[in-house]
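A.B. asks: Would you mind keeping the following structure in view while I ask a few things?
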Amino acid sequence: MTILTEAVARLLLAPSLIVAAAILVKGYVDVGDGFAAAVVVALAVALQYLAFGARRAEEELPVLRFAPRAAIAGLVVALISGFFSVLSGRAPFTHEPAVGERPFHIGRLELMTAVSFDVGVFLLVAGALVSLIHHLAEPAEEIDEVAAR
Amino acid sequence: MPQPTSPPARVAARDPLAWAVALLALAAFAACVVLWRTGGGTVDVAWASELDLRLHFSFDGIGALYALLATGIGAAVFAYATAYLPLHLDHQARPARDRWRFWPWMGLFMLSMVGLATAQDLILLFVLFDVTAVCSYFLIGFDRHERASRLAALMALLVTGIGAVAMLIGAVVLYADNGTFSIPELARLLHAQDAAGGVSTGTSVAVALIAVAALVKSAQVPFHFWLPRAMAAPTPVSAYLHSAAMVAAGVLVIGRVFQLVEVSDVVQDGLLAVGLLSIAVGGAISLTRDGFKQVLAYSTISQYGYVVTLYGIGGRDGATAAAFYVVAHAIAKSALFLTAGTVTMATGCRRLSRVGGLRRELPLLAAASALAAATLSALPLTIGFFKDELFFRAAAERSTALAVLSVLAAALTFAYTWRFWGGVFLGERRAGAVDDPGATTTPLTPTPALLTAPVVVLALLALVGGIVVGPFAELAADASGATLGHAVHLHLAYHLDARETWMAALAWLLGALLLATPKAWGPAARALSRAGERFGPSRVYELALDAANRCSDALHGFEVRDLRSRVAAVLLPGGVLALLGFLATPTAGVFQVGTIHGTDLLIVALLALVAIAAVVVAVTHQHIAIVLSLAVVGLGLATVYALIGAPDVALVAVLVETVVTLVFLAIVAYAPRGERPSRRELAGEASAPQRRAHRSRRWRDPLIGAVAGGAAFLVIWGALSRPTATERVVDELVRLTPEAHGQDVVTVILADFRGLDTLVEVTVIAVAVFGVIALLRRGRTW
């Protein structure tokens, strides 16, 4: 890949992640949700892979190797957010705060279990897509190398 | 002089994971004791009341008995495994982190056994049954580099999993007839039906299916073959799963649903027959086996045969004796399994013909396992004496024939138990691991104390149970009370003049006779074992698995050979059916053409662009052009969504379209040629029959595409022309959105109103991704 693509990829990474974070955080009041945010993250990561190649991209972003764990964590978060209400005898996906109650605020951010469920979906989809990119990006001979080790 | 403890064992003492799980078991045991003494408790949560799905757990007598076994034996076995597992991994030169493939599954298995013991709902029973099956799959296949382990794990999973499906079918049939999955409710309803003139055949079949699932789990003939194979597991797994947990789950279920079984005489007689057959087959084959764990596995089949027989006899005597039998057997059998593991660790041998005379080198282990063997063969002063006393009493009360059979069964137990113990600890010391019989005896590898201590603890427990039998009798009586639905009292003591004592003495005599005359019965038993291997149910399993594999291969080949025909096979019937539907329904006035004004012109222009791109996709031959045209279709439609006021859909459409285009481009990069071959090229290169095929396809594919596309067009036009009740649902959702503290309807629908759907969908994503990873990397997640 050319210097131009590398430069563009480097420049675009942070803004894409900010956009993803914005989509995720604003999901409950504005366009977008956890799924869309996760796809934006995956696209940003895919761009790094395209520009730098799998090995360099993973060297520069070592955090990527936590992707499978993020996916599992996301599933757990989603399950807990959806099913915690069962413990107190209510139907699944009975969210807190209930209808008519005021949500808990941090600044203008409203904390709700529906949002944590969305965060779980985000983690799961982002982790899953990044894992897939990793596995599809690594060429076959490297797989053999790994298997031989 | 070797060190008293080998290095891996000392590492074990510091392994926090192992000790955490072992201490969890101990804490759970203490909690279960407290719960039992204080009368237990009930948790009943209707988490999906529309489907009558409830989390209904009750710590009753059965719950207490099996939970105490699962946690108590669990604590002993886990303590043993803290020392065993590092040695095991060390022998196989595997990294210490492989213990993460062991301990979590052991812990989960114990918890699911406790759940199974207390579950009061057939669906819950089914789910936990499957959880234990999945755990057992990973535990039996722990040595996954060995083919035998993998096949054994798969066999245990498939056989017990298919059995569990039988239970699900039975549960659903009962639900269809009675409207509840709750076992106490069902028991009440079925007894009322029984009193009113007998239950229907459907109910009997349903109950029989549940019983079959239980018999499969308890490894009863003819579903017993998975258990001996499962001995490929590490010894602690065998000691736990195949003495106190997994196989016990089967009889646990019979005990739990016994009141349903009672109403059907056929099912109960079937239990009796299967139980007796299992005692005979398991016992006879156990006498022919050479591997320690094989002997013990077949003896387990035989021992659970006793329990099933007792449930077949039924009534107060049968149910009480069955509960007591499970306790005594679990204590003794787990001790014997652990003994086998320690002996293997010390000598490196796993066969009776390779060891012997170990009583001098391992005196403590010999004494402890002698107590366990005495328990299993029902000698006095052990808890086992009472298990046989209750067994004899239940059998003799039923009929004389059963009394005779029960004495023979006890004699068989005596013979195979002491054959195992004598083979290991008596006689001359043999060569050891070396195959050459002339080699000198190798010195024993020193084993850590933790490989003996749990056996001693279990043996002492068996001894205490033989002297202070009160608590154990109370436990069995409580379990029997929960099984039968009314309180049961059990008092046990030694009566020298009782009929049962004489039956026991006769059994010991016959057993000793069997032990002394191996030549008399050896050929017959070995012939039975060989016939079982050649024509038995394990052969049926192998043939069925082969057939399923071949069928799947054939289907796959058929699907892959001609992808276009497969797609056509979906599109054409779909299109034709939709068109037929339009012919059958009155359509006058349904199709309306609306008006176009203002910004609609932009949408029309975009749709025209999309249509042009779609035509390009259909006619072009260049791969890149196809991919880019598809991208134009997708992004054009996304823009249309944005213009007609669906920004959420548009955002997701743009993102997904981008991903799809990138993936397509990546695939094109891998493709061998840059172009799809044109028709002329195909016609030039192809042979005569291929040319004919292409000529027919030339008209076939566009025709099928036109039919399917036309039908889809009509359906969408019809749907859009007639706004229906669905809009009112949408209005309702929009109205409710602020109450759910949200402003974006789509996100609120996804996360709140339809949250369960979303959860299931993302779970599918997770499963699919990990499936891909498993295929690409053999399970390496990164």
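A.B. asks: Label points 7 Å out from Cα along the Cβ direction at B:ILE162 and B:ASP44: separation in nm?
C.D. replies: Each label point is offset 7 Å from its Cα along the Cβ direction, giving 3.8 nm.
A.B. asks: Multiply the residue separation of B:ASP757 and B:HIS491 by 0.36 nm, subtract the distance between their alpha-carbon atoms, and state the gained length in nm to one decimal.
C.D. replies: 90.3 nm
A.B. asks: Further question on the same structure: Where the centre of each part is set by its Cα atoms, how far does segment B:118-197 sit from segment A:110-132, in angstrom?
C.D. replies: Going from one Cα centre to the other spans 33 Å.
A.B. asks: Still on this structure: Given H placed 1.01 Å from N in the peptide plane, which residues other than close sequence neighbours of B:LEU55 have an amide H under 5 Å from its amide H?
C.D. replies: So B:LEU55 has HN proximity to B:VAL45, B:ALA46, B:TRP47.
A.B. asks: I need the shape label for segment B:1-156. Rule: rounded when a/c is under 1.5, else prolate if a/b > b/c, else oblate, with a, b, c from the alpha carbon gyration tensor.
C.D. replies: oblate
A.B. asks: Let me ask something else. Just the ratio, please: alpha-carbon radius of gyration of segment B:723-782 over 2.2 N^0.38 Å, N its number of residues.
C.D. replies: Taking N as the residue count of segment B:723-782, the ratio is 1.69.
A.B. asks: Could you give the angle, 0 to 90 degrees to the nearest 10, between helix B:623-643's Cα long axis and the longest principal axis of the Cα atoms of chain B?
C.D. replies: For B:623-643 against chain B, the angle is about 80 degrees.
A.B. asks: Taking Cα centroids, how far is segment B:604-622 from segment A:80-107 in Å?
C.D. replies: Taking the Cα centre of segment A:80-107 as reference, the centre of segment B:604-622 is 47 Å away.
A.B. asks: What is segment B:61-122 by shape, rounded, prolate or oblate, if you read a ≥ b ≥ c off the alpha carbon gyration tensor as root eigenvalues and call it rounded for a/c under 1.5, prolate for a/b larger than b/c, and oblate otherwise?
C.D. replies: Verdict is prolate for segment B:61-122.
A.B. asks: Consider just the alpha-carbon atoms of chain B and return their Rg together with their Dmax, both in angstrom.
C.D. replies: Values for chain B (Cα only, Rg and Dmax): 33.2, 106 Å.
A.B. asks: How far apart, in nanometres, would the label points at B:LEU364 and B:TRP782 be if each is projected 7 angstrom from Cα along the Cα-to-Cβ direction?
C.D. replies: A separation of 4.4 nm, rounded to one decimal place.
A.B. asks: While we're here: Counting only C-alpha contacts under 8 Å and six or more residues apart, can you give the relative contact order of chain B as a whole percent?
C.D. replies: The normalised contact order for chain B reaches 10 percent.
A.B. asks: Per-residue Cβ counts within 10 Å, from other chains only, averaged over A:64-70: what number is that?
C.D. replies: Averaged over the peptide's residues, the number is 2.
A.B. asks: To the nearest 20 Debye, how big is the dipole of segment B:728-782 about its Cα centre, given +1 on the beta carbon of each Lys and Arg and -1 on that of each Asp and Glu?
C.D. replies: Computed charge dipole of segment B:728-782: roughly 540 debye.
A.B. asks: Taking R0 as 41 Å, what's the FRET efficiency between B:GLU542 and B:VAL767 from their Cβ-Cβ distance, rounded to 0.05?
C.D. replies: 0.90
A.B. asks: For chain B, take the longest principal axis of its alpha carbons; what is the angle in degrees between that and the long axis of helix B:726-736, to the nearest 10 within 0 to 90?
C.D. replies: With both axes taken from Cα atoms, the answer is about 70 degrees.
A.B. asks: Right, here's the next one. Can you give the Kirkwood hydrodynamic radius of the protein assembly as shown from its Cα pairs, in Å with one decimal?
C.D. replies: 32.3
A.B. asks: Quick query: amide H of B:ARG351 versus all other amide H atoms, modeled in the peptide plane; which residues come in under 5 Å with a sequence gap of 5 or more or a different chain?
C.D. replies: Under 5 Å from the amide H of B:ARG351: B:PHE292.
A.B. asks: Any idea how far the Cα center of segment A:1-73 sits from the one of segment B:359-434, in Å?
C.D. replies: Spelled out, the Cα-based centre of one part sits 66 Å from the other.
A.B. asks: Below 10 angstrom from the Cβ of B:ALA340, what's the summed charge of the other residues (Lys, Arg +1; Asp, Glu -1)?
C.D. replies: +2
A.B. asks: Mind checking the mean number of beta-carbon atoms from other chains within 10 Å of the Cβ atoms in B:757-767?
C.D. replies: 6
A.B. asks: I'd like to compare B:371-379, B:222-230: which one has the highest average count of other Cβ atoms within 10 Å, and what's the full order after that?
C.D. replies: Ranking, from highest mean packing down: B:371-379, B:222-230.
A.B. asks: Determine the shape class of segment A:3-148: with a ≥ b ≥ c the square roots of the Cα gyration tensor eigenvalues, call it rounded for a/c under 1.5, and otherwise prolate if a/b is greater than b/c, oblate otherwise.
C.D. replies: oblate
A.B. asks: Given R₀ = 41 Å, FRET efficiency for B:THR517-B:GLN193 by Cβ-Cβ distance, to 0.05?
C.D. replies: So, using R0 = 41 Å, E works out to roughly 0.20.
A.B. asks: If each residue of separation counts as 0.36 nm, what is the full-extension length gain between B:VAL205 and B:ALA401 once their alpha-carbon separation is subtracted?
C.D. replies: Gain on extension, B:VAL205 to B:ALA401, equals 67.7 nm.
A.B. asks: Further question: Taking H placed 1.01 Å from N in the peptide plane, check which residues at least 5 places from B:THR781 or on another chain put their amide H under 5 Å from its amide H.
C.D. replies: none
A.B. asks: Return, ordered by residue number, the residues of segment B:622-659 whose backbone nitrogen is under 11 Å from a label point located 7 Å along Cα→Cβ of B:ALA712.
C.D. replies: none
A.B. asks: Now for a separate question. Please determine, in degrees from 0 to 90 and to the nearest 10, the orientation of helix B:292-313 with respect to the longest principal axis defined by the Cα atoms of chain B, where the helix direction is its Cα long axis.
C.D. replies: With rounding to tens, the tilt is 90 degrees.
A.B. asks: Kindly provide the helix-only [θ] at 222 nm of the protein assembly as shown, computed as the sum of -39,500 (n - 2.57) over DSSP H runs of four or more divided by all residues, to the nearest 500 deg cm²/dmol?
C.D. replies: That calculation yields -24500 deg cm²/dmol at 222 nm.
A.B. asks: So what are the ³J(HN,Hα) numbers for segment B:251-258, from phi and the Karplus equation (6.51, -1.76, 1.60; θ = phi - 60°), rounded to whole Hz, Gly and Pro as x?
C.D. replies: 5, 4, 5, 4, x, 5, 9, 4
A.B. asks: Per-residue HN-Hα couplings for segment B:51-57, Karplus 6.51 cos²θ - 1.76 cosθ + 1.60 at θ = phi - 60°, whole Hz, x for Gly and Pro?
C.D. replies: Each residue's phi maps through the Karplus curve to give 9, 6, 9, 10, 8, 10, 10 Hz.
Every number in this text was worked out from the coordinates using simple rules, so none of it is lab data. None of these values were measured; they are calculated from a predicted model. We place every Cβ from the backbone using ideal geometry, glycine too, and count neighbours over all the protein chains shown.
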